[in-house]
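Comments concern the structure below.
The values are calculated or read from the model by the stated rules, or taken from the named source; none is laboratory data. Keep in mind the model is a prediction, meaning the values are calculated, not measured. Reconstructed Cβ throughout: ideal geometry from the backbone, glycine too, with neighbour counts over all protein chains shown. Note: accessible area is taken over every heavy atom of the protein model, side chains too, but ligands, DNA and RNA are not part of it. Shrake-Rupley method; radii C 1.70, N 1.55, O 1.52, S 1.80 Å.
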Amino acid sequence: MKLRIKFSKCGPMVFIGHLDMMRYFQKAMRRAEVDISYSSGFSPHQIMSFAAPLGVGIASKGEYMDIGVDSLTTSAQVKDALNRVMVEGVKIESVKLLPENAENAMSSVAAAKYTISFREAYAPDFDLFGQIDDYLAQKEIRVVKETKKGSKEIDLKPHIYEFSFDNEKQEVSLLVDASSSGNIKPVFVMEDYYRFCGRVAGEFDFIVTREDTFTNIGTDEKPDFVPLDYVGEDY
Amino acid sequence: MLNDEILLKIEKPARYIGGEVNSVMKDKEKVDIRFAMCFPDVYEIGMSHLGIQIIYDMLNRFEDTWCERVYSPWTDLDAVMRKENIPLFALESQDPVKEFDFLGITLQYEMCYTNILQVLELSGIPVWAKDRFGDDPIVIGGGPCSYNPEPIADFFDLFYIGEGETMYRRLLDLYKEMKTAGRSREEFLREAGKLPGIYCPSLYDVAYNEDGTIAAFAPRYGDVPATVSKEMVTELSDTYYPLKPVVPFIKVTQDRVVLEIMRGCIRGCRFCQAGQLYRPLRERDVKVLKDYALEMLKNTGYEEISLSSLSSSDYSQLPELIDYLMEECNRKKINISLPSLRIDAFSLDVMSKVQDVKKSSLTFAPEAGSQRLRDVINKGLTEEVILNGAREAFEGGWNKVKLYFMLGLPTETKEDIEGIAKLSNEIAKVYYEAVPKEKRQGRVQIVTSTSFFVPKPFTPFQWAQMSTKEEFLDKAYTVKEAVRNQLNQKSIKYNYHEADVTVLEGVFARGDRKISEVIYRAYKKGCLFDSWSEYFDNDLWLQAFEECGVSIDFYTTRARSENEIFPWDFISCGVSKEFLLREWKKALDETTSPNCRQACQGCGASSYCVGVCTEEKTGVSK
């Protein structure tokens, strides 16, 4: 049986990297006495997988992991037990039972939504809103993406699903591809947009929050993005 | 709290943010005493230390006290803090250390001494105790190196000599009482210096002979004790123990539940300082330990537990404890990591159950290459025992062996040194005899490592001459050469380290107050993180010695007479100087001494009337 756990991460916890978060949750499962499944073999490990790694420095309201369990209590029991052993800055938001045939968290990720605000003293000195439409109206958005295997040129455009600016809150909202094959870092889009506007984005300009992580229950052509825990149910 | 920009720029920001599982938050307005407990090395090292966790837990159980943690900022953050004038802060509240009442610094190894100065300087606390006044935190040292605090005495207001569980409450009460009464810093230090186990360096005067040795060491005032006796827990099953140790976010060196099963050691190896300092051996009740183990695993979520003591095989309830842990841990999918146990049928059986035999290795610490030299150091491990243990292990499927030796031990000869290679070869030979060809998984792998011997205070070897750097390296080459001449040389890998650090360690170990100026100068020249080879700069140290006119040889290679007053003689660790001298003479005579369970050697620790000292002796058999 598989559970999908949604959690949020904020405050100083944003400085805890992905691998350390995994280690943190492995210990939390034991503290909360969740009946998690283990692999067999000489050194058994917990059946646990994360949806989409979050970069250091980024807060999130919608992180997901799947765990295997050997017995079922209730969503509320697991959520409360885990929340009782969380540190400040990490909160369990939901616990859902996945259907038998559900795709695992990582491969079902299609998109992620980010809010980007500006660090004090780094607010843009130009009309940020003004050129978003022009930017998105380009036929294609050619950029050079650095990967582990080297750099390659790609077209950003099909990977950006939403890009808007809330003038009142001075916040950018960005819905982008987060699938394992086409993951786009939000700061990467911002840097390219600054370039388009004839500006240079600094390393520490942006405060990024991941609002949620989505899966696609529509088609490639007509996507319908829903949060990852949409596929599970309370139990 | 450091701002995001800094945290994103530096390595491993998790070292500095606090907030770990089981870290203790209190309302600073509601406590009387704020205590910053520092391990003067990087977070991953400091967080691995059991002693800090014990004191942290104890102080935070006191309602009037909030104990927080401080570690050495790594060099990247150090540079930022200096540039931007950011004061060193404690992890929990992120408040500057300078606002605290106490700064406790644990002294686990000599090579952290420059790190102490970094912590003081970054905190904005005057480095020299004499320059502190008023509200500056009381800087107090503790831990094994405080048994010879003299090389760093001028940097500290107080030292706590001995086990931390016993005297802190009285020290804190005294502090509160005098603070409320509006008494001065000096008045507090004077009173504190009268408490058992508390040493206040500024209350003592040292006079030197013309040759540089100590002529007299005495308190300045009649009401200050001439001898400071170590503090010790008499009932280990009924004291503080951290059942909710702080669990770091990042991987640290000791990343597991640590169960301290006993303190002290019966063995009396003559080079070993811990074996003397923590006498007498005191065990924790096995029932208590079983409860602790379960509770700590539950409270931390760790996937591994390890036992801690100086010689776990000597714990009388070991089979019962291990059986219990194996059953519980197997059920909970938790690993047991065993301390280096004496290799025998029992330990091999246990090890084969808890670890993957093919991957794990066996560890022997003969410490010396010949039986003659093992007798000198009183290491009661014979070649026969080693070879039998190895044979059983090889038959049980192991094919990796680690061997630890020391070079530069008193009376050591070329034959003793070559014996290291010969013994390594004999073990390889046993493998090829014991394991038939078709069952061998390739060659046996023997890793032989040597460290260089440093004479330590409160050991029978405190009178010994230490080797020079050149002698150490010659000895290492001798081993290397001898390994090459062995029949099974291809199965033996030999490791040794640079000797520079060892020489410095030798100076600090038996140093006096003249050393503090050298440490200060070296620090000012840029020496920091000296135990990290990538940062250790021997040339800077040599310059500092020269500028201060301090001779290294005086502290290392010089022969010491039997009646020399040592810088640490004013401390009593329960073991008498007469006993140590007796043992020194027996060593030179190549005579062994029985262990504490066999026959009492009258070291002096029996005056505590606890632990092994109260047991019936078995007598010397075999």
statement: Over region B:406-453, the set of residues over 28 Å from the mean Cα position of the chain (by Cα), in a helix (DSSP H, G or I) and β-branched (Val, Ile, Thr) is B:ILE427, B:VAL430
Pairs, first away from chain B (no Cβ under 14 Å) in region A:80-97, second buried (at least 20 other Cβ atoms within 10 Å of the Cβ) and of a type in the set (Gly, Ala, Ser), C-beta under 8 Å, six or more apart: A:GLU93/A:GLY62; A:LYS96/A:GLY232; A:LEU97/A:GLY232
message: Looking at region B:575-609 only, could you name the residues that are touching a Gly at 6+ places or on another chain (Cβ under 9 Å), closer than 18 Å to B:GLN462 by Cα and aromatic (Phe, Trp, Tyr)?
response: B:PHE579
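Got a sec? Which of B:ASP569, B:ASP539 is in contact with a Phe, Trp or Tyr (Cβ under 9 Å, 6 or more places away or on another chain) and either in a loop (DSSP other than H, G, I, E, B) or not assigned by TED's automatic domain parsing to the domain that holds B:ARG284 (or both)?
Numbers: B:ASP539 fails: in contact with a Phe, Trp or Tyr (Cβ under 9 Å, 6 or more places away or on another chain).
Every option except B:ASP569 fails the conditions.
Here's the yes/no breakdown for (1) touching a helix residue (DSSP H, G or I) at 6+ places or on another chain (Cβ under 8 Å); (2) within 14 Å of chain A (Cβ to nearest Cβ):
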| residue | (1), (2) |
| --- | --- |
| B:ASN22 | yes, yes |
| B:PRO40 | yes, no |
| B:GLN53 | no, no |
| B:MET58 | yes, no |
| B:ARG69 | yes, no |
message: Looking at B:GLU320, B:GLU304 in this structure, which one is over 23 Å from the mean Cα position of the chain (by Cα) and charged (D, E, K, R)?
response: B:GLU320
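With assigned by TED's automatic domain parsing to the domain that holds B:TYR494, among the charged types (D, E, K, R), modelled with pLDDT of 95 or more and closer than 29 Å to B:LYS585 by Cβ as the only criterion, which of B:GLU383, B:GLU418, B:GLU426 stands out? Walk me through how you get there before you give the answer.
Working: B:GLU383 fails: modelled with pLDDT of 95 or more; B:GLU426 fails: closer than 29 Å to B:LYS585 by Cβ.
Residue meeting the stated conditions: B:GLU418.
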query: Would you pick out the residues in region B:331-361 that are within 21 Å of B:THR448 (Cα to Cα), within 12 Å of another protein chain (Cβ to nearest Cβ) and open to solvent by 70 Å² or more (accessible area, probe 1.4 Å)?
result: B:LYS358, B:LYS359
- request: Could you figure out which of (1) surrounded by 11 or more Cβ atoms within 10 Å (Cβ to Cβ); (2) closer than 26 Å to B:GLU5 by Cα isn't true of A:GLN138?
  value: (2)
- prompt: What number of residues within region B:245-270 are of a type outside the set (D, E, K, R), farther than 18 Å from B:VAL610 by Cβ and not in a strand (DSSP E or B)?
  reply: 9
Answer residue from region B:24-38, given it is over 17 Å from B:MET1 (Cβ atoms) and within 25 Å of the chain's Cα centre (by Cα) and is farthest from the other protein chains (Cβ to nearest Cβ) among those: B:PHE35
- request: Could you check, for region A:28-40, whether at least one of its residues is free of Cβ contacts under 8 Å to residues at least 24 places away in the same chain and more than 10 Å from chain B (Cβ to nearest Cβ)?
  value: yes
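Mind telling me which of the residues B:LYS493, B:LYS456, B:LYS475, B:LYS480 ends up being crowded, with 19+ Cβ neighbours inside 10 Å, out of contact with any Leu (no Cβ under 8 Å at 6 or more places or on another chain) and not assigned by TED's automatic domain parsing to the domain that holds B:THR114? Explain how you work it out, then say what you get.
Working: B:LYS493 fails: crowded, with 19+ Cβ neighbours inside 10 Å; B:LYS475 fails: out of contact with any Leu (no Cβ under 8 Å at 6 or more places or on another chain); B:LYS480 fails: crowded, with 19+ Cβ neighbours inside 10 Å.
Selected residue: B:LYS456, the only one of B:LYS493, B:LYS456, B:LYS475, B:LYS480 that is crowded, with 19+ Cβ neighbours inside 10 Å, out of contact with any Leu (no Cβ under 8 Å at 6 or more places or on another chain) and not assigned by TED's automatic domain parsing to the domain that holds B:THR114.
Out of B:ILE140, B:ILE161, I need the residue that is in contact with a helix residue (DSSP H, G or I) (Cβ under 9 Å, 6 or more places away or on another chain), among the β-branched types (Val, Ile, Thr) and more than 19 Å from B:THR114 (Cα to Cα). Which one?
Values: B:ILE140 fails: more than 19 Å from B:THR114 (Cα to Cα).
None of the others qualify; the one that does is B:ILE161.
Mind telling me which of the residues B:PRO196, B:PRO242 ends up being in a loop (DSSP other than H, G, I, E, B), more than 14 Å from B:ASP569 (Cα to Cα) and open to solvent by less than 10 Å² (accessible area, probe 1.4 Å)?
After applying the criteria, what remains is B:PRO242.
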statement: Residues of region B:536-592 being more than 24 Å from B:LYS469 (Cβ to Cβ) and among the aromatic types (Phe, Trp, Tyr), in sequence order, are B:TRP568, B:PHE570, B:PHE579, B:TRP584
task: Please specify each residue of region A:44-91 satisfying the condition of being open to solvent by 40 Å² or more (accessible area, probe 1.4 Å), more than 19 Å from B:LYS298 (Cβ to Cβ) and touching a Lys or Arg at 6+ places or on another chain (Cβ under 9 Å).
output: A:HIS45, A:ILE47, A:LYS61, A:LYS91
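Name the residues in region A:176-189 that are within 13 Å of the chain's Cα centre (by Cα) and surrounded by fewer than 21 Cβ atoms within 10 Å (Cβ to Cβ), would you? Full working, then the answer.
To start, the set of residues in region A:176-189 that are within 13 Å of the chain's Cα centre (by Cα) comprises A:176-180, A:183-186.
Answer for region A:176-189, where residues must be within 13 Å of the chain's Cα centre (by Cα) and surrounded by fewer than 21 Cβ atoms within 10 Å (Cβ to Cβ): A:ASP177, A:SER179, A:SER180, A:ASN183, A:LYS185.
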message: Can you report the number of residues in region A:190-229 which are surrounded by fewer than 18 Cβ atoms within 10 Å (Cβ to Cβ) and within 14 Å of another protein chain (Cβ to nearest Cβ)?
response: 3
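Taking region A:56-73 as the search range and keeping residues that are touching a strand residue (DSSP E or B) at 6+ places or on another chain (Cβ under 8 Å) and among the small types (Gly, Ala, Ser), which one is nearest to the other protein chains (Cβ to nearest Cβ)? First the steps, then the outcome.
We begin by selecting, within region A:56-73, every residue touching a strand residue (DSSP E or B) at 6+ places or on another chain (Cβ under 8 Å); these are A:57-70, A:72.
In the following step, the residues that additionally are among the small types (Gly, Ala, Ser) were identified as A:57, A:59-60, A:62, A:68.
On the way: A:GLY57: 5, A:ALA59: 11, A:SER60: 15, A:GLY62: 21, A:GLY68: 13 Å.
The residue in question is A:GLY57.
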query: So is B:LYS298 open to solvent by 30 Å² or more (accessible area, probe 1.4 Å) and not in a helix (DSSP H, G or I) or not?
result: no
field: Residues satisfying the stated conditions in region B:362-411, i.e. without any contact (Cβ under 8 Å) to a residue 60 or more places away in the chain, surrounded by fewer than 23 Cβ atoms within 10 Å (Cβ to Cβ) and of a type in the set (D, E, K, R)
entry: B:GLU383, B:GLU384, B:ARG391, B:GLU392, B:GLU395, B:LYS400, B:LYS402
query: List, please: which pairs have Cβ atoms under 7 Å, are six or more places apart or on different chains, and start with a residue in region B:152-171 that is closer than 21 Å to B:THR65 by Cα and of a type in the set (S, T, N, Q) and end with one that is open to solvent by less than 10 Å² (accessible area, probe 1.4 Å) and in a loop (DSSP other than H, G, I, E, B)?
result: B:THR166/B:VAL233
- request: For region B:42-64, name all the residues that are among the hydrophobic types (A, V, I, L, M, F, W, C) and outside any helix (DSSP H, G or I).
  value: B:VAL42, B:MET47, B:PHE62
query: Restricting attention to region B:65-76, does a residue exist that is farther than 26 Å from B:SER184 by Cα, open to solvent by 10 Å² or more (accessible area, probe 1.4 Å) and part of a helix (DSSP H, G or I)?
result: yes
Residue that is farthest from B:SER360 (Cα to Cα) [pool: residues in region A:12-27 that are open to solvent by 30 Å² or more (accessible area, probe 1.4 Å) and at the interface with chain B (Cβ under 8 Å from one of its Cβ atoms)]: A:PRO12
- prompt: Looking at (1) within 13 Å of another protein chain (Cβ to nearest Cβ); (2) of a type in the set (D, E, K, R); (3) touching a Pro at 6+ places or on another chain (Cβ under 9 Å), which is the one condition that is false for B:LYS9?
  reply: (3)
